[in-house]
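Note sheet for the following structure.
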Amino acid sequence: KLPSQVTLVEVGPRDGLQNEKTPISTAIKVELCKQLIEAGIHRLEAAAFVSPKWVPQMADGADVLAGLQALPDLQDRTVSYSALVPNLKGMEAAIEAGVQEAVVFTAASEAFTQKNINCTIAESIERFKPVAALAQAHNIHLRGSISCALGCPYQGEVPVQNAAEVALRLRDIGVQEFDVADTIGVGTALRVSQVFEAVGYSVGLNNVAGHFHDTYGQALANILAALQLGVSTFHSSIAGLGGCPYAKGATGNVATEDVVYLLQGMGIDTGLNMHKLVQTGAWISGSIGKPYTSRAGRAVWNK
Ligand code: HMG
Ligand code: MG
């Protein structure tokens, strides 16, 4: 059942940077995106049109997208840019900025939804209805992110079925792709198989992506578990950057370099240039004053 090809949606510029306390310049964000695209990334989560009071680091999303669209070297690349949109206001900003994909986000846990977007799961779905209508009218691919599918920092255990139920409700309002997220990286392989199987029963696995944070070092094992079910889209963050402002202690997404190493070793095509990714990972880590923590990235860098 293993896919022969996997698409990595690079979320470093959004999930990777959103939690950084020191403001990162728009120029660095644009340069990061540029280098990722040069490494072969063609689906890039570049911004979040959320309240700047809640997540100040993402306040310059429109400028980042404008900067990218103005770069002459990228004109011949086909890149699908995405942005998080919590509500209509965010969706309007995303359209204005010219994204190809928008991401509404809710959770498999009530407690997390409340902390993250200040409403219940049911209210979030209601809030997304006009967002979905606008996405459809503008021919924007609509994704729905389901946080805490494998566990919640506030309520702990999350029943296996929850993500599948939320996915169905999202599909009913027009969401086209489902990002099943282990926000705090607590999931382990068997549970991942169960949760993704349940999601597969509800919406099919063709349009499901795995979004794994690596807090407990389980992300690669979890990706393997999902791959074995046939999931062929995963989210990753260059250099493993990141964390979630509403999930204390959560570390970054699985590092793009680590996933590429895994997939290359399994003979699964990603279309990505490992060497270029490693240069980018080392560069962005240094630029924001962090040690370079991708395991595969460091190994390649030190060779
Ligand atoms: P609220 O306070 O309930 O909303 O926040 P509100 O409608 O009352 O608005 C409050 C203020 O925010 C108003 O401004 C609005 O104009 C403004 P004021 O009148 O006070 O000056 N506002 C906005 N500004 C810019 N863009 C917008 C927007 N909407 C309202 N779109 C809201 C509700 C959803 C807006 C807020 O809770 C929010 O922005 N939350 C975002 C939280 C967030 O970004 N979390 C991180 C991303 S999710 C994630 O990382 C998980 C993921 O990676 C998957 C995983 O790992 O689990 C995707
Ligand atoms: Mg995340």
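On a 1.4 Å probe surface of the protein chains, which of LYS290, LYS1, LYS89 comes out largest in accessible area, and what is the full order?
Per-residue accessible area, sorted high to low, gives LYS1, LYS89, LYS290.
Under 1.5 on a/c is rounded, so check that first for region 173-303, then, if it is not, pick prolate when a/b is larger than b/c and oblate when it is not; a ≥ b ≥ c are the square roots of the alpha carbon gyration tensor eigenvalues.
Prolate, since a/c reaches 1.5 and a/b exceeds b/c.
When the accessible area of the chain is computed with all protein chains present and a 1.4 Å probe, what percentage of it is carbon and sulfur?
Summing carbon and sulfur atoms, their accessible area is 51 percent of the total for the chain.
Suppose we keep just the DSSP beta bridges with both residues in the chain; what percent of those would be antiparallel, to 5?
Among the beta bridges of the chain, antiparallel pairing accounts for roughly 10 percent.
Among ALA167, ALA137, ALA111, determine the one that fluctuates most according to a GNM of the chain built with springs between C-alpha atoms less than 10 Å apart.
Fluctuation is largest for ALA137.
Please report the spacing between the Cα centers of region 21-77 and region 172-199 in Å, no decimals.
One Cα centre to the other: 26 Å.
Calculate, for the chain, the solvent-accessible area per residue in square angstrom, rolling a 1.4 angstrom probe over the heavy atoms of the protein chains.
Result: 41 Å² per residue.
Can you give the accessible area of ASP76, probe radius 1.4 Å, in Å² rounded to 10?
Around 130 Å² of this residue is reachable by solvent.
Largest first, how would THR78, THR183, THR120, THR22 line up by accessible area (1.4 Å probe)?
THR78, THR22, THR120, THR183
Quick one: of the DSSP bridges fully inside region 133-284, what percent are antiparallel, nearest 5?
In region 133-284, approximately 20 percent of DSSP beta bridges are antiparallel ones.
Please tell me which of these pairs span more than 26 angstrom C-alpha to C-alpha: LYS21/LYS129; LYS89/LYS115; LYS34/LYS248; LYS29/LYS89?
The pairs that break the limit, which is 26 Å between Cα atoms, are LYS21/LYS129; LYS34/LYS248.
Once the convex hull of the alpha carbons of the chain is built, what does its volume come to per residue, in cubic angstrom?
114
On the full set of protein chains, 1.4 Å probe, figure out the accessible area of CYS148 and give it in Å² to the nearest 10.
Probe radius 1.4 Å; accessible area of CYS148 about 0 Å².
Ranked highest first by the average count of other Cβ atoms within 10 Å around their residues, in what order do 59-67, 261-269 fall?
59-67, 261-269
Report the extension gain between GLN75 and GLU92 in nm, rounded to one decimal, defined as 0.36 nm multiplied by the number of residues separating them, less their alpha carbon distance.
Here the segment from GLN75 to GLU92 would lengthen by 3.7 nm.
The values are calculated or read from the model by the stated rules, or taken from the named source; none is laboratory data. A quick note: this is a predicted structure, and the numbers were derived from the prediction, not measured. All Cβ positions, even for glycine, are placed from backbone atoms using ideal geometry, and neighbour counts span all protein chains on display. For the accessible areas, the whole protein counts, side chains as well, though only heavy atoms, and no ligand, DNA or RNA atoms are used. Shrake-Rupley method; radii C 1.70, N 1.55, O 1.52, S 1.80 Å.
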